[in-house]
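To keep things clear, I will list the structure first and then write my remarks on it.
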Amino acid sequence: MNSIKIAMWSGPRNISTAMMRSFENREDTYVSDEPFYAHYLQQTGVDHPMRDEVIESGNPNWAEVAEFLTGGIPYGNTAWYQKHMAQHNLPGVNLDWTDKVTNCFLIRDPREVILSYSKKYEITSVYQLGFPQQSALFTKLNEKNGVTPIVLDSKDILLNPKNMLQKLCEKLEIPFSNKMLSWPKGKRDSDGIWGKHWYNTVEQSTGFQTYQNKIEKIPNEYTAIYEESMAFYQQLYNLRIQ
């Protein structure tokens with residue numbers, strides 16, 4: 001098969017790490033975990049857990065990271081799954097490198113994102129959740145290439161992982177592997193150092209969790225952020241793989 005570099009754009013508290021596990025369990029795929037995180041933290045000064053360790057362990061130089069991500073696929077693999085957080089795309093960064101990869105968008109209902117993320121970290125802006133950045137990049141790619149990028153909703157994947165991953169692989173023009181449906185428990189060398197804080201659940205997993213509908217209500221202080229997020233989410237949701 002031809003080589004492919006997959007840039008999967010998500011936001012926080014999605015199934016982005018489980019998707020990375022899924023692809024890493026293939027025999028032909030190399031994975032990268034949030035390669036622009038160090039740049040994001042250095043530029044914003046945001047006090048995320050393990051901030052200094054993340055910057056030290058990564059490369060905060062945007063141009064150098066972009067060059068690496070568009071270069072040869074490491075270790076002779078034919079596929080490269082790049083897990084990206086859309087909120088790391090700060091105003092003014094050069095996204096021209098995205099023309100050299102296959103961009104996909106992993107979305108999740110903003111209500112579920114907010115309920116999950118707010119338990120780990122205070123939300124003060126819609127830009128923390130990545131929805132505006134996903135929408136901006138999606139629109140940029142769509143207008144430039146005249147082709148609708150691939151969109152996946154996490155709920156659809158959790159309801160039927162095999163069906164959705166088969167459809168994704170078909171769109172990517174790569175063979176589906178049943179190895180994408182389960183993986184060994186534990187940490188990975190490919191995990192970012194921040195996994196110590198964020199990856200407790202996925203480290204205990206051996207596959208995609210069954211979808212659980214959240215019945216909690218969004219706290220009143222997040223109503224405006226939720227409504228703003230929904231407008232961006234709906235744009236991509238309407239174009240998702242079904």
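The values are calculated or read from the model by the stated rules, or taken from the named source; none is laboratory data. It should be emphasised that the depicted structure is a prediction, and the values quoted were computed from it without experimental measurement. Virtual Cβ from ideal backbone geometry, glycine too; neighbours counted across all protein chains shown.
Does segment 207-225 contain any residue that is more than 28 Å from TYR127 (Cα to Cα), modelled with pLDDT of 95 or more and either surrounded by 14 or more Cβ atoms within 10 Å (Cβ to Cβ) or in contact with a strand residue (DSSP E or B) (Cβ under 7 Å, 6 or more places away or on another chain) (or both)? Taking every residue of segment 207-225 in turn, at least one turns out to be more than 28 Å from TYR127 (Cα to Cα), modelled with pLDDT of 95 or more and either surrounded by 14 or more Cβ atoms within 10 Å (Cβ to Cβ) or in contact with a strand residue (DSSP E or B) (Cβ under 7 Å, 6 or more places away or on another chain) (or both).
Out of LEU158, LEU152, one residue alone is surrounded by 14 or more Cβ atoms within 10 Å (Cβ to Cβ) and part of a helix (DSSP H, G or I). It is LEU158.
Here's the yes/no breakdown for (1) part of a helix (DSSP H, G or I); (2) touching a Lys or Arg at 6+ places or on another chain (Cβ under 6 Å); (3) closer than 15 Å to ASN14 by Cα:
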position	(1), (2), (3)
LEU115	yes, yes, yes
LYS119	no, no, yes
GLN134	yes, no, yes
GLU143	yes, no, no
VAL147	no, no, no
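With the condition kept exactly as written, say whether any residue in segment 71-81 is buried (at least 21 other Cβ atoms within 10 Å of the Cβ), farther than 25 Å from ASN2 by Cβ and modelled with pLDDT of 95 or more. The answer is no, given that none of the residues of segment 71-81 is buried (at least 21 other Cβ atoms within 10 Å of the Cβ), farther than 25 Å from ASN2 by Cβ and modelled with pLDDT of 95 or more. Here segment 164-193 is the region considered, the condition is being of a type outside the set (A, V, I, L, M) and part of a helix (DSSP H, G or I), and the residue that is nearest to GLU24 (Cα to Cα) is LYS179. When the criteria are applied in full, ILE193 fails the requirement of being among the hydrophobic types (A, V, I, L, M, F, W, C), buried (at least 17 other Cβ atoms within 10 Å of the Cβ) and farther than 20 Å from LYS5 by Cα. Annotation: ASN14 fulfils all but one of (1) in contact with a helix residue (DSSP H, G or I) (Cβ under 9 Å, 6 or more places away or on another chain); (2) surrounded by fewer than 22 Cβ atoms within 10 Å (Cβ to Cβ); the unmet one is (2). Could you tell me whether ASP153 is within 21 Å of THR210 (Cβ to Cβ), touching a strand residue (DSSP E or B) at 6+ places or on another chain (Cβ under 6 Å) and modelled with pLDDT of 95 or more? In short, yes. Taking ILE55, is it more than 17 Å from GLN134 (Cα to Cα), without any contact (Cβ under 8 Å) to a residue 24 or more places away in the chain and in contact with a helix residue (DSSP H, G or I) (Cβ under 7 Å, 6 or more places away or on another chain)? In short, yes. Inside segment 203-229, residues that are over 22 Å from the mean Cα position of the chain (by Cα), assigned to a helix (DSSP H, G or I) and of a type in the set (D, E, K, R) make up a count of 1. Taking the criterion of being of a type in the set (A, V, I, L, M) and either over 18 Å from ASP189 (Cβ atoms) or assigned to a helix (DSSP H, G or I) (or both), the residues of segment 58-77 that qualify are ALA63, VAL65, ALA66, LEU69.
When LEU152, LEU158, LEU165 are checked against the criterion of being touching a Lys or Arg at 6+ places or on another chain (Cβ under 8 Å), under 26 Å from VAL113 (Cα atoms) and either touching a residue at least 60 places away in the same chain (Cβ under 8 Å) or acidic (Asp, Glu) (or both), LEU152 stands alone in meeting it.
Residue by residue, here is whether (1) in contact with a Ser or Thr (Cβ under 7 Å, 6 or more places away or on another chain); (2) over 15 Å from SER154 (Cβ atoms); (3) free of Cβ contacts under 8 Å to residues at least 24 places away in the same chain holds:
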residue: ILE193; (1), (2), (3): yes, yes, no
residue: HIS197; (1), (2), (3): no, yes, no
residue: GLN204; (1), (2), (3): no, yes, yes
residue: THR210; (1), (2), (3): no, no, no
residue: LYS214; (1), (2), (3): no, no, no
residue: LYS217; (1), (2), (3): no, yes, yes
residue: SER229; (1), (2), (3): no, no, no
residue: ARG240; (1), (2), (3): no, no, no
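Would you confirm, using the coordinates I've provided, whether ALA38 is over 26 Å from LYS119 (Cα atoms), of a type in the set (A, V, I, L, M) and assigned to a helix (DSSP H, G or I)? No: the conditions fail for ALA38.
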